Amino acid sequence: MKYFLPILFLLCPSFVFAQDYPLTGHFQNLNEKSIYYNDISTLVRPATGVENAIYDSLIFTTVTKSDKSWLNRKLFHEHLVLLEDERFKLLLDPIIDFRLNSNDLVETGYLNTRGILLSGNLDSKIYFNTSFYENQGIFPMQIYDYYEFYSVIPGYGRIKPLSRTNEYDFGTAYGNISFRATENLNFSLGYDRLFIGDGYRSMILSDFAAPMMYFKTSVKFGKFEYNNIFTKALNPNFNNVMDFDVPTSMNSRYPSKYISYNTLTYKLNNWQFSLIEALVMSDNLPNWKVPAYTFSPFFRTAYIDYKKQLTNNLIGANITWSNPSIGVFYSQFMLDSWYKNHSPDFALQLGYKNFDFLNVQNLYFQMEINYSSDYIYTHPNNELYYGHYNQALAHPAGTNISELIILSAYSIKRFELVGKINFYYDYTDSYICSDLRNIGLVIPTRTYISGDFLKAEAQLIYNINRANKLQVFCSWDIIINHQVYDTLMFYQLGIRTAIRSNYYDF
C-alpha cells in the first residue's frame, strides 16, 4: 500500500509529449533536489562546475565498485573512462539514442544517435566539456510540419533531408571551457544551449533553440551575483521565411546578430531575486556605430532611442522562494516596450515544484503557468527578432499564448514513471502569423485562427547506469488539436543517454 498514493497520483497527469527526459534541470541531467535548498544561485544554466562546489561535486561525482567485474562496473555503475588524481579528473562516456516510433507519415519512424561526451576538471580552476552527436531519424508529424516551414528541427541547426519522407541527417556539437580566476570571479566560453530561470519553460531564455556561441562573466560580491552573457545568434533562411524572391540558400553565410544578457541576483534566506536585461543588436550596423549604452553593466533600456531602433531591448525579473518541507515557488516576468502605439507587451510565468511531494520520498511534482502577450519578443526590424536559427529563444510557442503544465515522476530503485500534461491556448490576432510568431517575426499581412491544444505523454524508464545516464524507456504520446479537431498519437521504444532535452511539446 505504500506505493498506492504515488502511483494513483501519477495517473492523473500521466501524459507528456516528447520532451525526451523532462527532469533534467536543463544541464547534464543533474538532480535538482541536490541543487535547491542550498545558498547558491540557480538562475543561469548550463553549469560546468566552475560556479560553486555543489555543481563541481555533482558533475564530477565518480562512483567505483571494486567488488564487481569490469564489465559489470562499466555497464551498470561507472563512467566508461575515468582518469583522476588529487588535482585532475577526466570523464569520458559514449552517447547513444536508438529508438523506434510509430509514425503517421511512414510505417516506422526511428532515431539513430551516436556521440561522445568528455568532461574534465583541472585543480578545480579549469573546467571543460565537449560532446558531439551524429543523428539520422524519421520524426513525428509535428516535427515534419515544423521542418517544412522553418527548415530546421527544434534544438538543431543545419539539417540535410534524406531519401524518405520526414527523414533527416543532422549533427551537432557542444563545448564549454571555464576558468575560476578567484573565488568570486569566473569566466566561461562555450557553444551550448542556455537557460535562465527555475521553471520547465523560460520566458526569458530557454534551451529550446539550437546551441549558440557565448561568453559568460560571473562576479560574486556578498549575497549578490552578477552575470553578463554575450552571445551570437543566427538568422538562417531569413529571406526564405519572409517569402522574398531570392531566398538564402542552405550553404549561404547566415546573417547574424548579438544578444547580451545582464543578470543581477540577490540571495536572502529562502528568497532569490534576479533582475535581467536582454539586448539584441544586429552585426550589420552602419560603420560599426555601436550604441555606447550596449556596454553598460545594467539599465541599458533607459538609454534606448526608439526612433533609430538599433537594438531590441527586453527587461525582466525572476523570483524564487524555496523550503525543503514545502517546495520551490518560482516566477518570471518579461517586458518588451518597443511598440509605442499600444501598451507594453509582457510574458509571465508562475510555478511550483517539489521533489518529495506530499512527504513521499522520490515523488516529484511540478505545476507551471505561462503567458505571453501579442508582440512580446517581436520587433519592427526583423533582423532583431528574438530568435536563433529560426527557433524561439524563450517559450517555444512564442507570442500570444497561455499554457498550463503539470508534470510528475516517481522513482523506485532503477525504475521511473514519468507523466506530463500540457495544455495551451493560442489567441486570435490579425497582425502576427501563427507560423512565424514562434520566432518573433512581424508579418502584417497574415492571420491565424485561435485554438487550444492538449499534448501529453507517459514514460516508463529503467536506469541502466546513473553515472552516465544510460536508460531504456518506452512512451506513449498524444496531441489533440481542438483547432482543427485532429488527434495525433504515437509510441516510442528505445535506449538512450539522457543528458539533454529536446522540446517538442509546443
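Here are a few things to note about the model shown:
- Distant-in-sequence amide H partners of residue 156 (H built 1.01 Å from N, under 5 Å): 210
- Violating pairs (Cα-Cα greater than 21 angstrom) within the set 33/220; 33/74; 413/469; 232/455; 89/220: 33/220; 33/74; 232/455; 89/220
- Footprinting exposure proxy for 395, 77 (fewest neighbouring C-beta atoms within 10 Å first): 77, 395
- With N the number of residues in the range 462-506, Rg(Cα) / (2.2 N^0.38 Å) evaluates to 1.53.
- Look at 335, 268 and count the other Cβ atoms within 10 Å of each Cβ; fewest to most, that gives 268, 335.
- The range 32-101 versus the range 165-184: alpha-carbon centroid distance in Å: 16 Å
- Integer Hz, Karplus 6.51/-1.76/1.60 couplings in order for the range 158-165, x for Gly and Pro: 4, 10, 10, x, 9, 6, 8, 4
- Neighbours of residue 346, meaning other residues whose beta-carbon lies under 13 angstrom from its beta-carbon, give a summed charge of -3 when Lys and Arg score +1 and Asp and Glu score -1.
- Protection proxy ranking, peptides 178-190, 47-59, 222-234, average beta carbon neighbours within 10 Å, highest first: 47-59, 222-234, 178-190
- The order of 418, 81, going from fewest to most other C-beta atoms within 10 Å of their C-beta, is 81, 418.
- Each peptide in 456-465, 192-201 gets a packing score, the mean of other Cβ atoms within 10 Å over its residues, and the list from highest to lowest is 192-201, 456-465.
- Using θ = phi - 60° in the Karplus curve 6.51 cos²θ - 1.76 cosθ + 1.60, the 3J(HN,Hα) couplings for the range 128-143 round to 8, 8, 8, 8, 9, 10, 10, 9, 9, x, 10, 9, x, 4, 4, 6 Hz; x is entered for Gly and Pro.
- The residues neighbouring residue 263, those whose beta-carbon lies less than 11 Å from its own, together hold a net charge of -1 under the Lys/Arg +1, Asp/Glu -1 convention.
No value in this document is a laboratory result; all are computed from the given coordinates. Here the structure is a predicted model, which is why all the values come from computation and not from measurement. When we count neighbours, we look across all protein chains shown, and the Cβ atoms used for this are built from the backbone with ideal geometry, even at glycine.
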